[in-house]
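One structure below.
The values are calculated or read from the model by the stated rules, or taken from the named source; none is laboratory data. A quick note: this is a predicted structure, and the numbers were derived from the prediction, not measured. Backbone-built Cβ (ideal geometry, glycine too); neighbour counts: all protein chains shown. Areas reflect the complete protein model, heavy atoms only, side chains present, ligands, DNA and RNA absent. Shrake-Rupley method; radii C 1.70, N 1.55, O 1.52, S 1.80 Å.
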Amino acid sequence: MHQWRLSRMKFLKEFSYPDIFQRRIVLINSFFGFFLLGMISFHCGLFIAPYTPYESAVKTVLLAVVTGLFAGNLAGNVLFRLPYYRVVFITVEMIYLSLAGLYFLKSGFAQSHPDPVLSSYFTKRPLFLLAAAVFAFFPGLKLNYSLKAATGDYIDEKRPVYSYLLILALGLALGALFAQAAIQFTVLYPAAALLILFVFSSAMMVKTPYFPQPIMVQDFKETHREVIKSGEEGVRRDSLLFTYLNFIYILIYCLLAYESICKFSGGWPFVKVLFLAIMLSSMCAGFVCARFVKASFWHIYTEMLFPVLFLIFMVLLYTEKNVSASMSQSLYAAPLGAWLGFSLYHTIRNIVTNYEHRRRFLILDLSLFMLPYPILLAFLSVELTNLWFFVLLYTMTLLNIVFPGVHLMQRAIAGYKKLIYFIFSISVIPLVIFAHLYFGIPIVDGLYVQYSSGFEALQAINVHQDFIKQRALVRFNGKEIFLCNDSTVKNLNRAMLTVLFFSRDARDHARPVLVLDGTQSFYRNPILGQFKSMRCIDYVSDRGVDYNRLPISGRQLYTAEKTELFSILHRADDVYETICDIPNLFDQSQNPVRFSGSYYGMVKKKLAPDGLFAQVFSVSGCRPEYFASACRGIKEHFSRTAVFFFSDHLLVLAANDSRTLGISKQGVDRVGTILKEHPGIAALQLNEYHLLSHYLTNDVTAVADMDIQAPAPDLLAAKQSGGIDIDGQLIEAYLGGSAGATLLLDTDPANFELAGILPAALNQNEKTLSLLKRAELAAARMEYETETEALSQLKALAEYNADLRAYSGKLTAFREEYFFSEAIRFEKDKRWEEASRLYRAILRINAAHFEANYRMGILSITLQNLDDAFKFLQHAMELRRDDPRVLYQMGVLLFSSGQTTQALEYFTRTLALRESPESLFHYMGLCYEKLGRPEEAKPYYEKALLADPNDSAVQSSIERISQALQARRVFKKPQDRKNQMDVEQDETMPLPINQTAKDIRLKDSEVPPEETDPAKQPKK
């Protein structure tokens, strides 16, 4: 039953605030205040982020800020109840702006080293987080006050709560983006301090009471209500359960989307900031659009589409091929964010419509600023696994479908609407299953967001063997962090052996050695265990490698500490004899602060006056501008340098004491003893003097171009490295001789004997050492022709030198094995030319290598080089005459070149050796067919079909040979035929012979002698 109500009623309306201007001032103050909060919070996190690339400083700072906001909001409910609310507000604002000004002053203008923000973060972390929470505590107090004012009823009947929430979201989003821009373009940073003036000036004008006196206004209004259906009023009563759940849904979907963006785009700080800005902006857009849709119950029914839009977002992420497309991946969340904003508006509208000012404020305060805190705390503190991510997602999906459905079924609406919803709800489950199967989305017990990849291959490599044939590339956030192969492992070992050579840690009362090892999570360098007193810092966090561990093997000579690198450098109490810095590939391509002048200044403060600093660089993995910056920084803080070159790695030694970089007898004896006592380490060097032959120059700025500047800021992509371009003249001098190291001889009288021995030893072994360096450099550059030429010359030199013969013999044998394994890998990847280069390199070292000849023959066939194929296969046959693989391939080659009879002979020999490749029978059938012997071809075709019933080529051959045999049977002449009259004799059925056929019948007298069967000729 329906009723219409049309009346002109007189009633009293209650308003909270009469001053419209105050509403605008509160909104302006809130916008600039939260813009300032977002800008400082994100700037602080982003400023620290480069110093903690393996930990999320942004997340840590935001957690402290959210905690402060939560605590401030709680305290606001008490403080603003005091009678002097405006004094409280002004005091809070002044403290907040003072702390903000202090941040700008210390971070922007002080230019002190160490930076106070960094120093407090790394040395007094709890106090730093407390300070961040205290800073956010005062905006939290303001938040409580401004929310109370925004939820009130103003006399012009406009409710500013919608604009207020938009302003908060936009303020935070714009503040985050401005912080990112200020990090990249520092000129913007001082301009942000002007925000303090805007906030201060607007705060001075705020006079809105926290507990306003109600204003009653008489109003005459003609109301025309909608049709009121019987029983509808009870359903339209708001349920706080739906309200609170909707806020929770919106927050959790935002957090799940954030986790998914981190999974697919990596944990880059700029990706997180970009996603947050896009998500907040799209929610604001949906929030604004929702104001034009006035239908009831949207706050309940909008949640039905949450799982559908989130699933679409996930599918788009899984189909994105470009893993570095962080902008597009973040934009995929925009439709979801817009719909969440749409739903948020209607949820708030439902609260505003159904509750008076005080309850409205309490519900929104609890929903927006109280309930989210424990959820945020859980998400920021706990790592989700794949299993729990999808358990949470599908629990939400079930609730989003069931609860609105229950509400819908209770309403008195048309049945077809309920049917449509029922069909929609049951279609979600198969849609989800299809998405999981089609895109291979795993639901396994592993971390949902994984920052590293390639660790499984690394764990399978035994790095303690003399030579490593396998290869593993580990990535972090999609960028290379460690390449494990024989060259990398050996060069890192050689670099550390050189540091050991010059280090004075073996002296009595010497200070310890500090090793800052960015590769420790991927490779435990055994040389580090030879230092007398050593402290090894593994600064790559467990989360950075997804809690993966290297397998424990061999004797563990030292343990590494898991801590942040800059936490060590900011401590003022420790001084070290030697500091050795081993940055990984990620550092050398993505972390410029590790190669800045301020970094080397911090290192110098931790070093003893006569201490040694060493840093390792990857020639192919380090960005040239980073290396140039490092060289300038080292030159600025250290007076003496020496550079050693190990094929693909550079070792830079630096000191301020001239004797620190001197070659001493103690260093030579120390290395010689280690080589004798440790056979595994001895495989690195020919002798103790081999190490010194890798000396490159004593001027670090001469190694490469020092004029390279940092690239233009790139907000959306982290570029990969380009490599160090070492000066060509230095390389030529390095390869030409080894006497340069004599410039480092210590002039101490105790080294007088060494001053005579060292030059003689280097000169005596000059050619050998030059060839070894040339072979190593060529191997690193993949110049196989140059490498094999050098190895061949070494083999000739080794005939009269037992040590060199043993060393070069092992090296040559390994390179053969390595070339072969790499060539097989290239063949699997169909990289024929690269595989061919490696096989030829093997044959230059060892022409009698059977497998290389055989594989090269097959490759030549693939590349349509038949002349080379014959040459290599024939050589392989000379090495193994009865190898069935070679016989078969030679048969294939001969058949392809038209030599069918010879090919059949090779195939027959292959079959006789009981070797039956799948295509052997087919080739034999082809040979017989080509030789005009179809009866013999058919059995082989049939055997080929049995071996592979689905082979279309064999099926075609059988069909062809069957037709040929059928044709032969039809047209075959009888062997005893004399003439056609005899054939027709005694036939009971007339043959279809026409007159023309009669005219050409053969008579006995007409049969040519050569057509008469010789077996039936009379004997004489």
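Observations on the structure shown:
- Test: residue in segment 837-846 that is in contact with a Leu (Cβ under 8 Å, 6 or more places away or on another chain), modelled with pLDDT under 90, under 28 Å from Leu879 (Cα atoms) and not basic (Lys, Arg): yes
So that you can scan it fast, the table gives a plain yes or no per residue for (1) in contact with a helix residue (DSSP H, G or I) (Cβ under 8 Å, 6 or more places away or on another chain); (2) surrounded by fewer than 18 Cβ atoms within 10 Å (Cβ to Cβ); (3) under 17 Å from Ala192 (Cβ atoms):
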residue	(1), (2), (3)
Ser41	yes, no, yes
Phe47	yes, no, yes
Pro50	yes, yes, no
Thr60	yes, no, no
Thr67	yes, no, no
Gly76	yes, no, no
Val87	no, yes, no
Ser119	no, yes, no
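- Checking each residue in segment 630-677 for being of a type in the set (Val, Ile, Thr) and free of Cβ contacts under 8 Å to residues at least 12 places away in the same chain picks out only Thr673.
- Subset of segment 929-944 that is over 14 Å from Ser962 (Cα atoms) and assigned to a helix (DSSP H, G or I) - its residue that is most open to solvent (accessible area, probe 1.4 Å): Lys930
- Across segment 853-899, the qualifying residues are those that are among the aliphatic types (A, V, I, L, M) and closer than 18 Å to Gly925 by Cα, and the one among them that is farthest from the chain's Cα centre (by Cα) is Leu894.
- Only residues that are open to solvent by 40 Å² or more (accessible area, probe 1.4 Å) and under 19 Å from Phe369 (Cα atoms) were counted across segment 330-355, and they come to 1.
- Extreme residue, least open to solvent (accessible area, probe 1.4 Å), among residues of segment 474-505 that are assigned to a helix (DSSP H, G or I) and among the small types (Gly, Ala, Ser): Ala495
- Residue that is most open to solvent (accessible area, probe 1.4 Å) [pool: residues in segment 278-325 that are modelled with pLDDT of 80 or more, over 30 Å from Tyr162 (Cβ atoms) and among the β-branched types (Val, Ile, Thr)]: Thr319
- Some residue of segment 638-645 being touching a strand residue (DSSP E or B) at 6+ places or on another chain (Cβ under 7 Å) and not hydrophobic (A, V, I, L, M, F, W, C): yes
- Yes/no for Leu168 being over 24 Å from Ser202 (Cα atoms), in a helix (DSSP H, G or I), among the hydrophobic types (A, V, I, L, M, F, W, C) and open to solvent by 10 Å² or more (accessible area, probe 1.4 Å): no
- Selection from segment 871-893 of residues that are open to solvent by 10 Å² or more (accessible area, probe 1.4 Å) and over 15 Å from Leu859 (Cα atoms): Met877, Glu878, Leu879, Arg880, Arg881, Asp882, Asp883, Pro884
- Residue under evaluation Ala841, criteria (1) open to solvent by 40 Å² or more (accessible area, probe 1.4 Å); (2) under 43 Å from the mean Cα position of the chain (by Cα), criterion not met: (1)
- Residue list for segment 707-727, filter: at pLDDT 75 or above and open to solvent by less than 70 Å² (accessible area, probe 1.4 Å): Gly723, Ile724, Ile726, Asp727
- Subset of segment 121-158 [open to solvent by 20 Å² or more (accessible area, probe 1.4 Å), part of a helix (DSSP H, G or I) and touching an Asp or Glu at 6+ places or on another chain (Cβ under 9 Å)]: Phe138
- The residues of segment 256-277 that are open to solvent by 20 Å² or more (accessible area, probe 1.4 Å) and modelled with pLDDT of 90 or more, listed by number, are Tyr258, Glu259.
- Residue in segment 414-473 that is modelled with the lowest pLDDT, counting only those that are of a type in the set (S, T, N, Q) and outside any loop (DSSP other than H, G, I, E, B): Ser425
- Condition met for Ile527 (open to solvent by less than 20 Å² (accessible area, probe 1.4 Å), closer than 27 Å to Glu383 by Cα and not in a loop (DSSP other than H, G, I, E, B)): no
- For segment 15-68, a residue qualifies if it is under 25 Å from Asp153 (Cβ atoms), out of contact with any His (no Cβ under 7 Å at 6 or more places or on another chain), among the hydroxyl-bearing types (Ser, Thr, Tyr) and at pLDDT below 90, and exactly one does: Tyr17.
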